[in-house]
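Engineer: My structure is below; once you've seen it, I'll send some questions.
The values are calculated or read from the model by the stated rules, or taken from the named source; none is laboratory data. For clarity, every value in this text was computed on a predicted model and none was experimentally measured. Here the Cβ positions follow ideal geometry from the backbone for every residue, glycine too, while neighbour counts run over all protein chains shown. Heads up: the accessible areas ignore ligands, DNA and RNA and are worked out on the full protein's heavy atoms, side chains in. Shrake-Rupley method; radii C 1.70, N 1.55, O 1.52, S 1.80 Å.
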Amino acid sequence: MNRAHREGMADNPAMSIRELTPEQARVRQLAGAVLIDVREAHERAAGMAEGARGAASGELLADPALFLPLPEQEIILLCQSGRRSADAAVALSAAGYADVASVAGGTLAWRAAGLPLVQPELDAGERDFLDRYSRHLLLPQVGEAGQRRLQRSRVLLVGAGGLGAPAAFYLAAAGVGRLRIVDDDVVERSNLHRQIIHTDAGIGTAKVESARARLLALNPHIEVEAIAQRVTSGNVDALMQDVDVVLDGSDNFPLRYLLNDACIKHARPLVYAAIERFNGQVAVFDAGRRRGQVPCYRCLFPEPPPPEFAPNCAEAGVLGVLPGLAGVMQAAEALKLLLDIGQPLAGRLLRFDALGMRFRESGVHPDPDCPVCAPGRAFPGYIDYAAFCAHRG
């Protein structure tokens, strides 16, 4: 009687795949069977069965001969919980490997049984990467390729205040490799109830330097450019250099229009948010890359409202957590854009009322006569945005 009948069969009668307990697998391994851990590299970094070879199931099945001995040799597959290894065993059997088994319960059961585990040899940077982003790496929409993509990305954050503070924290935590933060203001005590990136000890210091220190304390493996300047028509092109996404954390209309126009010129997506008292709104304006398909900020707001209809936080007040809600949503939209996943808020304006905790979404359509994003229209150049907003107001 062959080993497939001696040591138990999996629940797939068509393929007759053996399932071994971890103890049985260890005995067979010591007797000469080849043990293959088919988890991804970031999963194996946390510990793998002693003596096992590492080969992610996708790589293994793409070219089994690169990793496996002769087809007639005994092969035991191991994953995290037993599902992937069983599926891989079925595929290998179908490919002509005659003696393949799967470890029931996977590495979790191996660990619970007290069998020896080892950690692969990795340099400090690689181990930090795999540990720090382990929950991202488990997501099929991110994985190692997506996380490496974030690592190579650069985001321009305009404003290190109520919106920029939570957005910057989460982008840094997510592993966005380069954050360029621009703000010409200093930390004041009145900022602290909502601008959570700053501390009482930082009062009087430049916001960008305060933010940089906190972000690097959270994630020392990213780069943070702290630029203590006001964004103007004269420097915006330089600030846009090499960025992938722009996050608008500004609090005034001239700067919003300038950022919109710069993003059209440089074909970069703009993640927008605005807050007032208990209300907020978030959107993505990506007309620079998708002219005629999605709107820009000017399509939604061709003219700024009069000042009495758009007071700032210093005039109207704001619930401290409100910019946190909006800033976190901005960070989520930025990550989706960087990873090219999901459905960004392009062509949609999301409004929310924190008092009633109600969210409402409105469609926003591109204006075919928009002065900056209409298809085929050359970029008209920057204008005097302060005068434009003052005149319209």
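Engineer: So how far apart, in nm, are the two label points at residue 235 and residue 360 if each is 7 Å from Cα heading toward Cβ?
Structural biologist: Inter-label distance under the simple model: 3.9 nm.
Engineer: Quick check: the distance between the Cα centres of the range 120-190 and the range 316-378, to the nearest angstrom?
Structural biologist: Centre-to-centre (Cα) distance: 20 Å.
Engineer: Tell me, in nm to one decimal, what length is gained between residue 378 and residue 139 on full extension, where the rule is 0.36 nm per residue of separation less the Cα-Cα distance?
Structural biologist: Working: separation 239, 0.36 × 239 = 86.04 nm, distance 4.09 nm.
Stretched fully, the residue 378-residue 139 segment lengthens by 81.9 nm.
Engineer: Could I ask something else about it? Under 5 Å between amide hydrogens, which residues at least 5 positions from residue 225 or on another chain qualify, with H placed 1.01 Å from N in the peptide plane?
Structural biologist: 179, 180, 181
Engineer: Specify the longest stretch of the chain that does not include any exposed loop site, a site being one of the GluC sites (Glu not before Pro) with a non-H, G, I, E, B DSSP assignment and at most 11 other Cβ atoms within 10 Å. Don't skip to the end; give the middle numbers.
Structural biologist: Values: sites that count: 72, 121.
With GluC sites (Glu not before Pro) excluded where exposed in loops, the chain gives 122-393 as its longest stretch.
Engineer: In deg cm²/dmol, rounded to 500, what helix-only [θ] at 222 nm does the chain give when every DSSP H run of at least 4 residues adds -39500 (n - 2.57) and the total is split over its residues? Display every interim value, and only then the final one.
Structural biologist: Numbers: 17 runs with 139 residues, N = 393.
Value at 222 nm, helices only: -9500 deg cm²/dmol.
Engineer: Taking the alpha-carbon centroid of each part, what is the distance from the range 18-81 to the range 232-295 in angstrom?
Structural biologist: One Cα centre to the other: 50 Å.
Engineer: If 265, 336, 207 are ordered by their accessible area, calculated over protein heavy atoms with a 1.4 Å probe, which sequence runs from highest to lowest? Write down the numbers at each step before the final one.
Structural biologist: On the way: 265 90, 336 45, 207 10 Å².
If we order 265, 336, 207 from most to least accessible, we get 265, 336, 207.
Engineer: Under a 1.4 Å probe, what is the accessible area of the chain per residue, stated in Å²? Intermediate values should be presented prior to the final figure.
Structural biologist: Details: 18150 Å² over 393 residues.
Value returned for the chain: 46 Å² of accessible area per residue.
Engineer: Tally Lys/Arg at +1 and Asp/Glu at -1 over every other residue whose Cβ is under 12 Å from the Cβ of residue 350; what's the total? If you can, show how the numbers build up before the last one.
Structural biologist: On the way: positive: 348, 351, 358, 360; negative: 333, 353, 361.
Charge balance in the 12 Å sphere: +1.
Engineer: Please state the relative contact order of the range 15-88 as a whole percent: Cα pairs under 8 Å, 6+ residues apart?
Structural biologist: Details: 78 pairs, mean separation 27.0, N = 74.
Worked out over the range 15-88, it gives 36 percent.
Engineer: Under the Karplus relation 6.51 cos²θ - 1.76 cosθ + 1.60, θ = phi - 60°, what is the ordered set of whole-Hz ³J(HN,Hα) values for the range 146-157, x standing for Gly and Pro?
Structural biologist: x, 5, 5, 5, 4, 4, 8, 8, 10, 10, 9, 10
Engineer: May I ask for the percentage of alpha-carbon pairs in the range 47-142 that lie more than 20 Å from each other?
Structural biologist: Details: 2043 of 4560 pairs.
Of all Cα-Cα pairs in the range 47-142, 45 percent lie more than 20 Å apart.
Engineer: Considering only DSSP beta bridges with both partners in the chain, what is the antiparallel share in %, to the nearest 5?
Structural biologist: Values: 22 of 52 bridges.
Antiparallel bridges make up about 40 percent of those DSSP assigns within the chain.
Engineer: With no solvent and one point per C-alpha, what does the Debye sum give as log10 I(q)/I(0) for the range 104-237 at q = 0.11, 0.19 Å⁻¹?
Structural biologist: Values, matching the q order: -0.52, -1.05.
Engineer: Turning to a different aspect of this structure: Which residues' amide hydrogens lie under 5 Å from the amide hydrogen of residue 186, considering only partners 5 or more residues apart or on another chain, with H built in the peptide plane?
Structural biologist: Counting only residues 5 or more places away or on other chains, the set is 207.
Engineer: Moving on to the next point. Debye calculation, C-alpha points only, no solvent: report log10 I(q)/I(0) for the chain at q = 0.10, 0.11 Å⁻¹, in the same order as the q values.
Structural biologist: -0.75, -0.82
Engineer: If you don't mind, another one. Can you give me the Kirkwood hydrodynamic radius for the range 158-258, using every pair of distinct Cα atoms, in Å to one decimal?
Structural biologist: Details: mean 1/r = 0.0734 Å⁻¹.
Answer for the range 158-258: a Kirkwood hydrodynamic radius of 13.6 Å.
Engineer: What do you get for trypsin sites (Lys or Arg not before Pro) in the range 149-199 restricted to DSSP loop and a cutoff of at most 14 other Cβ within 10 Å of the site's Cβ? Don't skip to the end; give the middle numbers.
Structural biologist: Values: sites: 149, 152, 154, 178, 180, 189, 194; in loops: 152, 194.
Loop-located and lightly packed - 152.
Engineer: Rounded to the nearest percent, how much of the accessible area of the chain (1.4 Å probe, protein heavy atoms only) is carbon and sulfur?
Structural biologist: Roughly 52 percent of what the probe reaches on the chain is carbon or sulfur.
Engineer: Kindly identify the range 221-378 as rounded, prolate or oblate by the Cα gyration tensor criterion: order the square roots of the eigenvalues as a ≥ b ≥ c, call it rounded if a/c is under 1.5, otherwise compare a/b with b/c, prolate if a/b is larger, else oblate. Don't skip to the end; give the middle numbers.
Structural biologist: Working: a/c = 1.32, a/b = 1.21, b/c = 1.09.
Rounded, since a/c falls under 1.5.
Engineer: For the chain, set up a Gaussian network in which alpha carbons nearer than 10 Å are linked by springs, and say which option among 376, 320, 106 fluctuates the most.
Structural biologist: 376
Engineer: Could I ask something else about it? For 42, 136, give the ranking by accessible area with the largest first, probe 1.4 Å.
Structural biologist: Details: 42 20, 136 50 Å².
These residues rank, largest area first, as 136, 42.
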